[in-house]
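Bear in mind these aren't lab numbers, they're just calculated from the coordinates by the rules spelled out. As the structure is a prediction and not an experimental result, all values here were calculated from the model. Reconstructed Cβ throughout: ideal geometry from the backbone, glycine too, with neighbour counts over all protein chains shown.
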Amino acid sequence: MNSDVRIGILVGVDISNNMRVVLTNLAKLIGGVYDLDLIVDRRVAVGGLGNYYEIYRGEGVDVADPAGIRSAWTICSRYLDRKRPDVLLNPCKPQTLGFVVALLGERHNIPSMVRMTGETFRQVSLRSGIIGKGKMWFLHEKMAGFAYSRADRILVVGKRLRKRLLDRGFDRSKIDVLPQPFDPVPFEIRRSKKKLKRELGLEPNKRVVLYVGRLSWYKGSDRLLEIVKEVSRRSKSYQFCLVGSGEYSQRFENFDDQTLKLAGNVHHQNLPDYYNASDLLVFPSRTEGLPNVMLEALAADLPVVASPVGEIPGFVSNTASSVKEYVEFILAERWARDSLPGYFSWDRQREAYTKLFSEVIQV
């Protein structure tokens, strides 16, 4: 696309699987309207994103840089030496990428947009120990707070996160509620549940309880482990299916196949089959923004029970805060279905994103 407007998007030294999906959907929404640059370290594999973005590859730093701030600064600075975009955007990590985008945008007189995708100001309370809390305070209170205060616009994925910013005194006029770009269509395609269960190696005569995400403490994998143990102890009618990997993976390996299937990492294009084969999604995460997993399940018409964190309570009616609540909810089988809001239609998302960028860029 050759337009009069260019958007520079800083992703720095890595791109998570979720971020690849978000960036792909964003390009599909606005790539026909604006020229899009993806600003990355030269060692990052961009894969199919090269079909949608002009890739700017910069050289990061080789010294210790655990948060990636120095590399992001170096890469983005060199990009701005060569190009002058009409707006700079960070798609994730406001405490690092957002800090760089806000400060460099200010220095180069380029409008900056910083996204708030999670519960930034809860991170300190989730860590233990002085060092851990100190690190979270520096990154999420100071660095992210600086990014929010200096950016021209703050994009939050939901109203609850917006309230967190307002409660801390951030400028109401520059906060926009705008969920991440999401394509519901692949998850709306219905296939035979029993047939899919067989194809995926699941028990066709059992209720399949699905989990999708990283197997980590932050995602509540310790809670999930206890949920599986207790449900399987009290009933043989359920099989759990875990899609994803992480530091907790080995802790689930002792269950028999009829109780639990470890599917490992699954390519995003194959995820709809797992949602369609399942009877319930369980999501006991400790901290969230607006999780793609929840949106995918809602698009697939799959009941969800999840922790009441981030934007989740505004989307699902089934929430649980303890292992006991999850277990009792699963066994009761009174699983309400919630619908994906209408504003996730492709046309309405495109309209919202192009309207916002037009306001910021003033075209």
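How much net charge surrounds LEU139 when only other residues with a Cβ under 12 Å from its Cβ are counted (Lys, Arg +1; Asp, Glu -1)?
Net of charged neighbours comes to +4.
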Check: Residue by residue through the stretch 168-176, which ³J(HN,Hα) values in whole Hz follow from phi under the Karplus form 6.51 cos²θ - 1.76 cosθ + 1.60 (θ = phi - 60°), with glycine and proline marked x?
Finding: 9, x, 6, 4, 4, 5, 10, 9, 10
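Quick check on packing: order 13-22, 152-161 by the mean number of other C-beta atoms within 10 Å, highest mean leading.
Highest-to-lowest ranking by the protection proxy: 152-161, 13-22.
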Next item on the list: Give a residue-ordered list of calculated ³J(HN,Hα) values for the stretch 184-191 (Karplus: 6.51 cos²θ - 1.76 cosθ + 1.60, θ = phi - 60°; whole Hz; x for Gly, Pro).
Entry: x, 4, x, 8, 8, 6, 9, 10
Note to self: Through the Karplus equation 6.51 cos²θ - 1.76 cosθ + 1.60, θ set to phi - 60°, convert the phi angles of the stretch 210-218 into ³J(HN,Hα) values in whole Hz; use x for Gly and Pro.
What the structure shows: 9, 10, 10, x, 6, 8, 9, 5, 4
Checklist line | Stretchable slack from ASN51 to LYS324, in nm (0.36 nm times residue separation minus alpha-carbon distance) | finding: 93.6 nm
Next item on the list: Report, ordered by chain and residue number, the aspartates and glutamates lying within cross-link reach of LYS194, taken as a straight Cα distance under 19 Å and ignoring same-chain residues fewer than 8 apart.
Entry: GLU203, ASP257, ASP273, ASP279, ASP301, GLU333
Note to self: Skipping prolines and chain starts, which residues have an amide H placed within reach, meaning under 5 Å, of the one on TRP335, given they are 5 or more residues away or on another chain?
What the structure shows: none
Notebook entry, point to check: Between ASP301 and TRP217, what is the FRET efficiency for a Förster distance of 25 Å, r being their Cβ-Cβ separation, to the nearest 0.05?
Noted result: 0.25
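Please work out the FRET efficiency for the pair LYS28 and ARG233, using the Cβ-Cβ distance as r and a Förster radius of 35 Å; give the result to the nearest 0.05.
Computed FRET efficiency for LYS28 and ARG233 comes out at 0.15.
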Checklist line | the chain - mean residue ellipticity at 222 nm from DSSP helices (-39,500 (n - 2.57) per run, n ≥ 4, rounded to 500) | finding: -10000 deg cm²/dmol
Next item on the list: Kindly count the pairs of lysines across the stretch 26-172 whose alpha carbons are less than 21 Å apart, treating pairs on different chains or eight or more residues apart as eligible.
Entry: 7
Notebook entry, point to check: Which Cα, out of VAL21, GLY169, TYR53, lies furthest along the positive dipole direction of the chain (beta carbon charges, K/R +1, D/E -1)?
Noted result: GLY169
Margin query: Once you place label points 7 Å from the Cα toward the Cβ at ASN109 and ARG348, how far apart are they in nm?
Written below: 4.0
Next item on the list: Just need the relative contact order of the stretch 185-339 here, percent rounded to a whole number, with Cα pairs under 8 Å and 6+ apart.
Entry: 26
